[in-house]
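The next block holds one structure in the form of structure tokens; read it before the comments.
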Amino acid sequence: MNPGAHPFTNVYSRLLFPVIISAGAVGLSIGLIIPLTSIVLEQRGVSVIAIGLNATIYSLAVLLMGPFFPSLIQRMGMLRAMIAGALLSGAFVFGLWLEESLWYWYLLRFFLGVTGGMHWVSSEAWINTLAPEHSRGRIVGAYATIWSLGIATGPVLLKIIGVDGPRPFVISGLVMGGAALPLLLVPRIDRANLRPRQYHVLQVVVMAPLASMAGFISGFLETAVLALLPVYGIRSGIETAAALIMVSVFAVGSFVWQPFVGWVVDKVSFKTVALLVAVVSIITVPLVHINRQQPLLNVVLLFFWGGSVGAYYTLGMINVGQVFKGADVTAASSMFVMAYTFGMVVGPIMGSTSMHFAGPVGLLAVMGVVPIFFIPLVLRTN
């Protein structure tokens, strides 16, 4: 294939496009089910701690099962693992409506983490295995954008369909299960049994420390900011509506930047882009705090902050494809997803603890310090 050619042409479009669309459908379902389950539990009078645990169980399942995903996918093959993950996840979403028991929900949320994680790891491994080197950045950027767009669209769709009755669960389950349909379009001859070799997770971390750190930082910052930035705004004297707008601008920047970052990586050195992302993600944090009472300027700063934070995921996924080749990408993708989910678990805990002891500024202090650890790893890359 000509290095100057468009990344989605001929055989690559048939191999990659269906997987990207499938990932977007899974993201949309997740964007529906996360706020839906929280709202329904709140309406039932469940405690905030229990609601938070329900939201965390998905990530914990991915984290606990991460070391086993490569061997499971080795037996099934990537494509079959994606299809099975989507169909089983759809069934578990349907199942949430059948029983109101909190422990039953916890169990299904754990199973959702297992099957959803299987689709997640397999799809990222497939993308990185088959993406041509010269257009890896653009393809990974497209994948990350569609995934993020799906998650961002979920709450908007939920507002339209409502949270009452079985309808939102049925729609979310259909969307999740329907994520298997695009995968059926992958040509039969190309349903490669891309079976990974066995790697221990710690081996992968040692072999790709930059990707591991990028995944951790991405999960850490995204989750902590989305959960706690409204609290920071309100406690800093900003009106509630404006505090929610802060989160929205951050989220928009996060997915808008990703295809641009992927495109630039294909044109410029990975090291240059990674350093720029790290610097932007660090310097925008104090500027957001200093200018918190300047709405227009803060919107610009939040957009750039969100974009730089979202870029960590794209950069980490690209680095996985740079370090690992062929079937080895599956084990690396599992590690990357585990690093991201570990960040999702740790970020809100550290952010809220810092706010408790240092006030609102404590959140931003942590958000600005964590990315610093990314820079030495970038400087060590070629």
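What pairs can you find where one residue is in region 272-297 and without any contact (Cβ under 8 Å) to a residue 60 or more places away in the chain and in the same structural domain as residue 362 (by TED's automatic domain parsing), the other is crowded, with 21+ Cβ neighbours inside 10 Å and not charged (D, E, K, R), and their Cβ atoms are less than 6 Å apart, with a gap of 6+ or different chains?
From residues that are without any contact (Cβ under 8 Å) to a residue 60 or more places away in the chain and in the same structural domain as residue 362 (by TED's automatic domain parsing), the pairs are 273/265; 277/308; 277/311; 280/308; 284/301; 284/305; 287/301; 291/298.
Just to verify a result, which residue in region 95-109, among those that are surrounded by 18 or more Cβ atoms within 10 Å (Cβ to Cβ) and either in contact (Cβ under 8 Å) with a residue 24 or more places away in the chain or small (Gly, Ala, Ser) (or both), is nearest to residue 20 (Cα to Cα)? Spell out the reasoning first.
Applying the first criterion (surrounded by 18 or more Cβ atoms within 10 Å (Cβ to Cβ)) to region 95-109 yields 96, 105, 108-109.
The next check asks that each one be either in contact (Cβ under 8 Å) with a residue 24 or more places away in the chain or small (Gly, Ala, Ser) (or both); those that pass are 96, 105, 109.
Working: 96: 27, 105: 29, 109: 24 Å.
In this case the residue turns out to be 109.
Collect the residues in region 42-51 that are closer than 13 Å to residue 105 by Cβ and either among the small types (Gly, Ala, Ser) or in contact with a helix residue (DSSP H, G or I) (Cβ under 6 Å, 6 or more places away or on another chain) (or both), keeping them in residue-number order.
Within region 42-51, 50, 51 qualify.
Quick one: which residue in 127, 34, 49, 57 is β-branched (Val, Ile, Thr) and surrounded by fewer than 17 Cβ atoms within 10 Å (Cβ to Cβ)? If you could, list the steps in order and put the result at the bottom.
Numbers: 127 fails: surrounded by fewer than 17 Cβ atoms within 10 Å (Cβ to Cβ); 34 fails: surrounded by fewer than 17 Cβ atoms within 10 Å (Cβ to Cβ); 57 fails: surrounded by fewer than 17 Cβ atoms within 10 Å (Cβ to Cβ).
Result: 49 is the single residue among 127, 34, 49, 57 that is β-branched (Val, Ile, Thr) and surrounded by fewer than 17 Cβ atoms within 10 Å (Cβ to Cβ).
Would you tally the residues in region 79-113 being closer than 27 Å to residue 318 by Cβ and touching a Phe, Trp or Tyr at 6+ places or on another chain (Cβ under 9 Å)?
The number of residues fulfilling the criteria is 6.
Within region 58-81, which residues are farther than 25 Å from residue 223 by Cα and hydrophobic (A, V, I, L, M, F, W, C)?
First, pick out the residues of region 58-81 that are farther than 25 Å from residue 223 by Cα: 70-81.
72, 73, 76, 78, 79, 81 - these are the residues of region 58-81 that are farther than 25 Å from residue 223 by Cα and hydrophobic (A, V, I, L, M, F, W, C).
Which one of 324, 303 is closer than 15 Å to residue 253 by Cβ and hydrophobic (A, V, I, L, M, F, W, C)? Reasoning before the result, please.
Values: 324 fails: closer than 15 Å to residue 253 by Cβ.
Of the residues listed, the single one that is closer than 15 Å to residue 253 by Cβ and hydrophobic (A, V, I, L, M, F, W, C) is 303.
Is it the case, given these coordinates, that residue 302 is free of Cβ contacts under 8 Å to residues at least 24 places away in the same chain, assigned by TED's automatic domain parsing to the domain that holds residue 241 and within 22 Å of the chain's Cα centre (by Cα)? Let's see the steps before the verdict.
On the way: free of Cβ contacts under 8 Å to residues at least 24 places away in the same chain: no; assigned by TED's automatic domain parsing to the domain that holds residue 241: yes; within 22 Å of the chain's Cα centre (by Cα): yes.
Answer is no for this residue.
Restricting to region 249-283, give me the number of residues that are touching a Lys or Arg at 6+ places or on another chain (Cβ under 9 Å) and surrounded by fewer than 19 Cβ atoms within 10 Å (Cβ to Cβ).
1
Enumerate the pairs (first residue in region 216-232 and surrounded by fewer than 24 Cβ atoms within 10 Å (Cβ to Cβ); second residue anywhere and at pLDDT 85 or above and not in a helix (DSSP H, G or I)) with beta-carbon separation below 8 Å, excluding pairs fewer than 6 apart on the same chain, so at least 6 apart or on different chains.
Taking only residues 6 or more apart or on different chains, the pairs are 231/360.
If you take the residues in region 259-303 that are among the hydroxyl-bearing types (Ser, Thr, Tyr) and in a helix (DSSP H, G or I), which one is farthest from residue 363 (Cα to Cα)?
So the first thing to find is which residues in region 259-303 are among the hydroxyl-bearing types (Ser, Thr, Tyr), and the list is 269, 272, 281, 284.
Then keep just the ones that are in a helix (DSSP H, G or I); that gives 272, 281, 284.
Details: 272: 28, 281: 14, 284: 14 Å.
Checked region 259-303; the qualifying residue farthest from residue 363 (Cα to Cα) is 272.
Would you point out which residue out of 284, 353, 314 is more than 20 Å from residue 378 (Cα to Cα) and among the hydroxyl-bearing types (Ser, Thr, Tyr)?
353
Does region 82-103 contain at least one residue that is in a helix (DSSP H, G or I) and touching an Asp or Glu at 6+ places or on another chain (Cβ under 8 Å)? Explain how you work it out, then say what you get.
Pass one, region 82-103, residues in a helix (DSSP H, G or I): 82-96, 102-103.
Still in the running and touching an Asp or Glu at 6+ places or on another chain (Cβ under 8 Å): none.
Within region 82-103 (the criterion being in a helix (DSSP H, G or I) and touching an Asp or Glu at 6+ places or on another chain (Cβ under 8 Å)), the answer is no, since none of the residues qualifies.
Kindly provide the set of residues from region 222-252 that are among the small types (Gly, Ala, Ser) and either outside any helix (DSSP H, G or I) or more than 20 Å from residue 290 (Cα to Cα) (or both), ordered by number.
Taking region 222-252 as the starting set, the residues that turn out to be among the small types (Gly, Ala, Ser) are 224, 227, 233, 236-237, 241-243, 248, 251.
Correct list: 227, 236, 237, 251.
What residue, of 28, 63, 32, 15, is touching an Asp or Glu at 6+ places or on another chain (Cβ under 7 Å), within 29 Å of residue 80 (Cα to Cα) and of a type in the set (A, V, I, L, M, F, W, C)?
Working: 28 fails: touching an Asp or Glu at 6+ places or on another chain (Cβ under 7 Å); 63 fails: touching an Asp or Glu at 6+ places or on another chain (Cβ under 7 Å); 32 fails: touching an Asp or Glu at 6+ places or on another chain (Cβ under 7 Å).
Step by step, each of 28, 63, 32, 15 is checked, and only 15 is touching an Asp or Glu at 6+ places or on another chain (Cβ under 7 Å), within 29 Å of residue 80 (Cα to Cα) and of a type in the set (A, V, I, L, M, F, W, C).
What number of residues in region 44-58 are modelled with pLDDT of 85 or more and either under 16 Å from residue 330 (Cα atoms) or in a helix (DSSP H, G or I) (or both)?
Residues in region 44-58 being modelled with pLDDT of 85 or more and either under 16 Å from residue 330 (Cα atoms) or in a helix (DSSP H, G or I) (or both): 2 in total.
The values are calculated or read from the model by the stated rules, or taken from the named source; none is laboratory data. All values reported here derive from a predicted model rather than from experimental measurement. Backbone-built Cβ (ideal geometry, glycine too); neighbour counts: all protein chains shown.
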